[in-house]
Amino acid sequence: MAPSLLAADFGRLADQLQDAAKAGAEVAHIDIMDGHFVPNLSMGPGLVQAIRASSAMLFDVHLMISNPDRYIKAFADAGADHITIHVESEGNIAAAIEQIHSLGCSAGITLRPGTPIESLYPFLPMVELALVMTVEPGFGGQSFMASQLPKITALRKWACDNGRELHVEVDGGIKASNAAETVAAGANVLVAGSSIFNHKVPVADAVNAIRDAL
Ligand code: DX5
Ligand code: ZN
């Protein structure tokens, strides 16, 4: 379980992280948007650094930015444990993955829903994680796109065929009613924003509801 901070109350991020950790979530998914790669702005390395001090969770940084190579070091220095970049972003993707590793972080590669899965294959041998977007990147609270499930299956198959322990993460519209089908397809890391951080149920209940559904 990787709660996405994008849906959390930004005024009390440390508390929200603590609630998620207490409920057993081990990963904090942190969405970085530049207003260019996606039509939204979110947070920068300063905020990541500020919450790093109050959380022992694994920080999983999802860079939805046009030039990841310019900012990878800043996020690694701010306390990222893992950094995922988009295959559609600019610059040399392989070099960016190498840079992530050289800074002591694990690396991930991801793609927009409209991008074919084949675009990831050249980079899979280099990464520890592949992320399947089940919404168009940019905003929380969108509906899950079941059309993306075959990508999860294809990635899990690639990992099995190649004897690799690849994490397959799914991000977008995940909730208790669709979590099980993503795991059945081959996902092992589930990002969830608005279904975990909302005003309807306590964070722990929301995490448990997804876990129970598996
Ligand atoms: C979308 C982000 C997601 C988002 C998920 O661009 O990558 O991580 O926060 O939010 P929900 O779970 O509400 O779809
Ligand atoms: Zn994300």
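The values are calculated or read from the model by the stated rules, or taken from the named source; none is laboratory data. Note that the structure is a prediction, hence the values are computed from the model and not measured. Virtual Cβ from ideal backbone geometry, glycine too; neighbours counted across all protein chains shown. Calculation scope for accessible area: heavy atoms of the full protein, side chains included, ligands and nucleic acids excluded. Shrake-Rupley method; radii C 1.70, N 1.55, O 1.52, S 1.80 Å.
Residue-wise test of (1) surrounded by fewer than 22 Cβ atoms within 10 Å (Cβ to Cβ); (2) over 21 Å from C160 (Cβ atoms).
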| residue | (1), (2) |
| --- | --- |
| I85 | no, yes |
| E90 | yes, yes |
| Q99 | yes, yes |
| I109 | no, no |
| P113 | yes, yes |
| P125 | yes, no |
| T134 | no, yes |
| F139 | yes, yes |
| F144 | yes, yes |
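Could you tell me which residue of region 9-39 is nearest to ligand 1 (Cβ to nearest atom), considering only residues that are farther than 20 Å from A213 by Cβ and in contact with an Asp or Glu (Cβ under 9 Å, 6 or more places away or on another chain)?
Residues of region 9-39 that are farther than 20 Å from A213 by Cβ, as a first pass: 9-18, 21, 28, 30-39.
Checking which are in contact with an Asp or Glu (Cβ under 9 Å, 6 or more places away or on another chain) leaves us with 9, 15-16, 28, 30-31, 37-38.
Details: D9: 14, D15: 18, Q16: 13, A28: 11, I30: 9, D31: 5, F37: 10, V38: 7 Å.
Result: D31.
Would you mind stating whether A94 is touching a Cys at 6+ places or on another chain (Cβ under 7 Å) and either modelled with pLDDT of 95 or more or surrounded by 15 or more Cβ atoms within 10 Å (Cβ to Cβ) (or both)? Don't jump to the end; show me each part of the working.
Working: touching a Cys at 6+ places or on another chain (Cβ under 7 Å): no; either modelled with pLDDT of 95 or more or surrounded by 15 or more Cβ atoms within 10 Å (Cβ to Cβ) (or both): yes.
Here the answer is no, as A94 does not meet what is asked.
How many residues are closer than 17 Å to V183 by Cβ and under 10 Å from the mean Cα position of the chain (by Cα) if we restrict to region 1-34?
4
Please name all residue pairs, on different chains or six or more residues apart, with Cβ atoms under 7 Å, provided the first residue is in region 133-162 and is of a type in the set (D, E, K, R) and the second residue is open to solvent by less than 50 Å² (accessible area, probe 1.4 Å) and away from ligand 1 (no atom under 16 Å from the Cβ).
So the pair list comes out as K151/I117; R156/G186.
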